[in-house]
Ligand SMILES: [Cu+2]
């Protein structure tokens, strides 16, 4: 060890000492600056959280404010037109004067999980079509979607069932379908289907969980962002999970728009999609729909939320305000040995899923959100109404 390079000429330490001094001075400046920046953003976040806590209540209030010449805002959001960090014009929060009436008249996407099909084979017909959808009250979007809009229908099968998918392409260009629940050669099963054509394939749903399905035709970002996504629940074999009293399926997604969609339908904006700066973020395709039309449960019931984040690009930090998840199956891993207990927020990644069990004893209105709170301001918020409580948070 005597010949170790640590035995350096004695002037060396002085040099490195003075370099070290400069380094530490620089580091101190950086740390000080960082602390100031972090503090500033912490304040912004606190302000945002404080505002957003009131977001569900803000829906009718915002419409009233608009009628009085105040800031227009849509159900469940608290946004106004602004320019995004990348200098892109945002249409977040755009709303007509009658947004509140439109929100009330909107028929929410059915979040209740559909029944299983009996027998070893479950068959599903999916129809792709170009159509105008609404992504928020009065906000129209020219989508590439499904017969019923976006997301596509919830597919519910049991682990071990064979799933037969028939995809009919009624759109103007080729599309395809990629099932994350399948172990299958994608060049065969997920191939492009020409306009007017149908394609059928099968896979066995051996892996329990909740999975995304989506069009996988290039550019995939555009096909997903335009509405070509949905959820498939592969329920574990009977007896694996505690019996849930309520099962709800939520598909989170983002909308990137080239206009506000109030007069003419908005279309996809690739620049915003690449910048990951959506105008709207939704559960089941429509901003704040479960604020106006809450999901329901009785006190003490076991509510199971099957959540998929369709993205295309942002994660969903799933959280229910006012409670703690009793059990979480992170990433949709349904192995009971892998669950988390008593946690507040768990990320559902873009292109992934998560299953959330919650049991609430106190009657009340419990918002479910992506706790990345910009998502709430952009519409990714709903209410779980526990017990016989009145209306939404504002009533
Ligand atoms: Cu497509």
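The values are calculated or read from the model by the stated rules, or taken from the named source; none is laboratory data. For clarity, every value in this text was computed on a predicted model and none was experimentally measured. With ideal geometry, Cβ positions are generated from the backbone for all residues, glycine too; neighbour counts draw on all protein chains shown.
Of all residues in the range 239-255 being in contact (Cβ under 8 Å) with a residue 24 or more places away in the chain and out of contact with any strand residue (DSSP E or B) (no Cβ under 6 Å at 6 or more places or on another chain), which is surrounded by the most Cβ atoms within 10 Å (Cβ to Cβ)?
Among them, the one singled out is 241.
Keeping to the range 184-214, report how many residues are assigned to a strand (DSSP E or B) and within 12 Å of the ligand (Cβ to nearest atom).
Here the count works out to 3.
Being crowded, with 24+ Cβ neighbours inside 10 Å, more than 16 Å from the ligand (Cβ to nearest atom), on the phi < 0 side of the Ramachandran plot and touching a residue at least 40 places away in the same chain (Cβ under 8 Å): is that true of residue 225 here?
When the stated conditions are applied, residue 225 does not pass them.
Kindly list, by first and then second residue, each pair from a residue in the range 114-135 that is on the phi < 0 side of the Ramachandran plot and without any contact (Cβ under 8 Å) to a residue 40 or more places away in the chain to a residue that is within 16 Å of the ligand (Cβ to nearest atom) and not in a strand (DSSP E or B), limited to pairs with Cβ atoms under 6 Å and residues at least 6 apart or on different chains.
none
Just to verify a result, which residue in the range 302-322, among those that are touching a strand residue (DSSP E or B) at 6+ places or on another chain (Cβ under 6 Å) and in a loop (DSSP other than H, G, I, E, B), is surrounded by the most Cβ atoms within 10 Å (Cβ to Cβ)?
Per the criteria, the residue is 314.
Looking at (1) more than 23 Å from residue 178 (Cα to Cα); (2) not in a loop (DSSP other than H, G, I, E, B), which is the one condition that is false for residue 282?
(1)
Every residue in the range 102-113 that is surrounded by fewer than 16 Cβ atoms within 10 Å (Cβ to Cβ) and either within 16 Å of the ligand (Cβ to nearest atom) or free of Cβ contacts under 8 Å to residues at least 60 places away in the same chain (or both), please.
Of everything in the range 102-113, those that are surrounded by fewer than 16 Cβ atoms within 10 Å (Cβ to Cβ) and either within 16 Å of the ligand (Cβ to nearest atom) or free of Cβ contacts under 8 Å to residues at least 60 places away in the same chain (or both) turn out to be 105, 107, 110.
Restricting attention to the range 330-339, does a residue exist that is in a strand (DSSP E or B) and touching a strand residue (DSSP E or B) at 6+ places or on another chain (Cβ under 9 Å)?
No: the range 330-339 contains no residue that is in a strand (DSSP E or B) and touching a strand residue (DSSP E or B) at 6+ places or on another chain (Cβ under 9 Å).
Restricting attention to the range 149-163, does a residue exist that is touching a residue at least 60 places away in the same chain (Cβ under 8 Å), within 16 Å of the ligand (Cβ to nearest atom) and part of a strand (DSSP E or B)?
yes
What's the number of the condition residue 198 fails, among (1) surrounded by fewer than 20 Cβ atoms within 10 Å (Cβ to Cβ); (2) within 22 Å of residue 253 (Cβ to Cβ)?
(2)
Restricting to the range 215-232, name every residue that is in a loop (DSSP other than H, G, I, E, B), more than 14 Å from residue 133 (Cα to Cα) and in contact with a strand residue (DSSP E or B) (Cβ under 7 Å, 6 or more places away or on another chain).
Across the range 215-232, the qualifying residues are 215, 216, 217.
The rows are residues; the columns are (1) part of a strand (DSSP E or B); (2) surrounded by 13 or more Cβ atoms within 10 Å (Cβ to Cβ); (3) modelled with pLDDT of 95 or more.
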| residue | (1), (2), (3) |
| --- | --- |
| 66 | no, yes, no |
| 73 | no, yes, no |
| 100 | no, yes, yes |
| 118 | no, no, yes |
| 126 | yes, yes, yes |
| 129 | yes, yes, yes |
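When both residues are 6+ apart or on different chains and their Cβ atoms are under 8 Å apart, which pairs have a first residue that lies in the range 171-182 and is farther than 23 Å from residue 205 by Cα, and a second that is more than 10 Å from the ligand (Cβ to nearest atom) and part of a loop (DSSP other than H, G, I, E, B)?
Here the result reads 171/195; 172/195; 173/195; 174/194; 174/195, each pair linking the range 171-182 to a residue that is more than 10 Å from the ligand (Cβ to nearest atom) and part of a loop (DSSP other than H, G, I, E, B).
I'm told residue 55 meets every condition in (1) at pLDDT 50 or above; (2) crowded, with 24+ Cβ neighbours inside 10 Å except one. Can you identify the failing condition by its number?
(1)
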